[in-house]
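Notes follow once the structure below has been shown.
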Amino acid sequence: ASGQSALLMAPTGSGKTEAALYWAFGDGSHPPARIFYTLPYQASMNAMYDRLRHSFGEDAVGLQHGRAAQALYARFRDGDEWSATAARQVQWEKNLNTLHARPLKVLSPYQLLKALFQLRGFEAMLTDYTHAAFVFDEIHAYEPERLALIIGLMRYLRQQFAARFFVMSATFPKIIRNHLQTALGNAPMISATPEIFERFRRHRLHLRDGEITDQTTVEEIVAAVRNGKQVLVCANTVARAQEMRDKLAQAGLHDEQLILIHSRFTYGDRNRLEQTIRKYCAGGAVNRPPLALIATQVVEVSLDIDLDVAYTDPAPLEALLQRFGRVNRRGTKGICPVYVFRQPTDGQGVYGRDRDPNRSGHIVRVTLAELEQHDGEIIDEAVTNEWLDRIYADPVLSQQWSDAYQRMAQQVERIISGLRPFQSDEQREDDFERMFDGVDVLPQCFERDYINLIVAEKFIEANDYLISISKQRFAILRNQGKLLPAEETGRRRVWVAQLPYDSRNGLSFRDIVIDPDWS
């Protein structure tokens, strides 16, 4: 019913977005004051913004995330003769977001969490969230600490502001489902029908020995592209994705047959890459050239692309299922192969990191053990939730997840109990900022272009040259003298990375020495 919260589990590409919007608008008996559509990654937010404004019109839909200004500028500039006009339009959109003017907004959950941390203006945010409808897409994508924050906010908004929530994913392990249903007042679980799951039996799982970077695999991917296929290659780290692109190029694929996307491109290049991928790889694309799309986790969530085959590093099952969902998305290509490699199993610093090296990457090893039971089978997405429940029943993994979740859940209770109107809290603002691991840097090759734009007060255009890197990487680069402050930028201090950059591979850390104490 549209008047209550609910959970939805359905295969990727089966129409979850349409179901969520139908729930939000309902039959008119419970019209929402606002609709908020949340997603985990900027690429998926940008894509959803394009999709919704096409359906509801530009005046109805807003976009709000850390780099929304860059995404909006790219879109307005494409449709406008003068960049100055596009910049003014972006500023107008930012003002409208501040005034909470758009009835339908695509945003990150972290924008919502500003209210929980009592950032300035949080009272207006809470007013805007009253009687609102919230759609949380791909809830599986958040780590347990972040998930505890998000679920705590859901409970608070439901109980105190009459908000309602529609939470959806292709997978709902019991360990997550129980916390959600408790916070949302025993919200019902809606599942796709057996007929829908049957229609989305579209992938055959193959486990492969060795690593994705092995030369035999590289040659196999090249052959597939030359045979007219669009191939998805998923790596867990940026360095590994860059290595795969280089190997595929050395093996004979041309630049027009290779698209690499990850987080270490400038914001301007990243926007262009996202638009290129949608142009060539979307399900309804007219011109679908054979190519290899090499990507990190940025392709996992809500990108409406439809490739022919996937090769992927080992990863947690939720991530793998999302990667598979970018292949044969509509199920119109019969049964397509998806290849998962058995190595490396250490999580690569991305998954299941632990101070005890014997426990690092444990979630990857438990996932591979489950997948071994299904090697060579057609994946039945109706039962993958059972796979997940068995994975999370592992004693070590269950303890790791629950400990992390409960630590943050206890903090959320303290935060909520201290919320007071007209008392923004600078300490909590600092706590909020520490949640984010990104620091903007400027590749050395763009320093002069950036300064010229800053001097001309073209700040949005200048930001197109920046790249976000982790605070850990930032500290390493500073320690090794690879970061220097840019000159002539007035009050806008920016650090210049003395590292190679190109529009094909992005920023390279290839020559940086990583001290074991930093890993």
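The set of residues in the range 451-466 that are at pLDDT 90 or above and either assigned to a loop (DSSP other than H, G, I, E, B) or hydroxyl-bearing (Ser, Thr, Tyr) (or both) comprises ASP464, TYR465, LEU466.
Looking only at residues of the range 272-292 that are charged (D, E, K, R) and in a helix (DSSP H, G or I), we find that the one that is nearest to the chain's Cα centre (by Cα) is GLU274.
Would you confirm whether any residue within the range 430-437 is touching a residue at least 40 places away in the same chain (Cβ under 8 Å), charged (D, E, K, R), surrounded by 15 or more Cβ atoms within 10 Å (Cβ to Cβ) and more than 19 Å from ARG353 (Cβ to Cβ)? Let's see the steps before the verdict.
Taking the range 430-437 as the starting set, the residues that turn out to be touching a residue at least 40 places away in the same chain (Cβ under 8 Å) are 431-432, 435-436.
After this cut, where a residue has to be charged (D, E, K, R) as well, the list is 431.
After this cut, where a residue has to be surrounded by 15 or more Cβ atoms within 10 Å (Cβ to Cβ) as well, the list is none.
No: zero hits.
Screening SER417 on (1) assigned by TED's automatic domain parsing to the domain that holds ALA310; (2) free of Cβ contacts under 8 Å to residues at least 12 places away in the same chain; (3) not aliphatic (A, V, I, L, M) shows it passes everything except condition (1). With respect to ALA43, is the statement that it is surrounded by 21 or more Cβ atoms within 10 Å (Cβ to Cβ), in a helix (DSSP H, G or I) and out of contact with any Ser or Thr (no Cβ under 8 Å at 6 or more places or on another chain) true? Yes.
Restricting to the range 159-203, name every residue that is within 19 Å of ALA319 (Cβ to Cβ) and assigned by TED's automatic domain parsing to the domain that holds GLY334. Correct list: PHE200, ARG202, HIS203.
So which residues in the range 419-467 are among the small types (Gly, Ala, Ser) and under 23 Å from PHE76 (Cα atoms)?
First, pick out the residues of the range 419-467 that are among the small types (Gly, Ala, Ser): 424, 438, 456, 462.
Passing the criteria: ALA456, ALA462.
Step by step: first the residues of the range 467-480, then only those that are of a type outside the set (S, T, N, Q) and part of a helix (DSSP H, G or I), then the one that is farthest from the chain's Cα centre (by Cα). Which residue is that? Don't jump to the end; show me each part of the working.
Taking the range 467-480 as the starting set, the residues that turn out to be of a type outside the set (S, T, N, Q) are 467, 469, 471, 473-478.
Retained after the next criterion (residues that are part of a helix (DSSP H, G or I)): 471, 473-478.
On the way: LYS471: 19, ARG473: 20, PHE474: 22, ALA475: 24, ILE476: 25, LEU477: 25, ARG478: 28 Å.
So, considering only residues that are of a type outside the set (S, T, N, Q) and part of a helix (DSSP H, G or I), the one farthest from the chain's Cα centre (by Cα) is ARG478.
Looking across the range 284-338, just one residue is aromatic (Phe, Trp, Tyr) and within 16 Å of ALA241 (Cα to Cα), and that is TYR311. Against the list (1) without any contact (Cβ under 8 Å) to a residue 40 or more places away in the chain; (2) closer than 13 Å to HIS203 by Cα, the condition VAL366 fails is (2).
Here's the yes/no breakdown for (1) in contact (Cβ under 8 Å) with a residue 24 or more places away in the chain; (2) over 30 Å from LEU126 (Cβ atoms); (3) in contact with a Phe, Trp or Tyr (Cβ under 7 Å, 6 or more places away or on another chain); (4) hydroxyl-bearing (Ser, Thr, Tyr):
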residue: GLN348; (1), (2), (3), (4): yes, yes, no, no
residue: TYR351; (1), (2), (3), (4): yes, yes, no, yes
residue: HIS362; (1), (2), (3), (4): yes, yes, no, no
residue: ASN385; (1), (2), (3), (4): yes, yes, yes, no
residue: GLU426; (1), (2), (3), (4): no, no, no, no
residue: CYS445; (1), (2), (3), (4): yes, yes, yes, no
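Go through the range 293-403 and tell me which helices (runs of 4 or more DSSP H), entirely inside it, have 1 or more residues that are touching a His at 6+ places or on another chain (Cβ under 7 Å) and within 28 Å of VAL225 (Cβ to Cβ). Please lay out each step first, then the result.
Working: elements: 317-324, 362-372, 384-392.
Helices (runs of 4 or more DSSP H) meeting the threshold: 317-324.
None of LYS482, LYS458, LYS471 is touching a Ser or Thr at 6+ places or on another chain (Cβ under 8 Å) and among the basic types (Lys, Arg) except LYS458.
The values are calculated or read from the model by the stated rules, or taken from the named source; none is laboratory data. Please read all numbers here as calculations on a predicted model, not as lab measurements. Here Cβ is always computed from backbone atoms with ideal geometry, including for glycine, and neighbour counts include all displayed protein chains.
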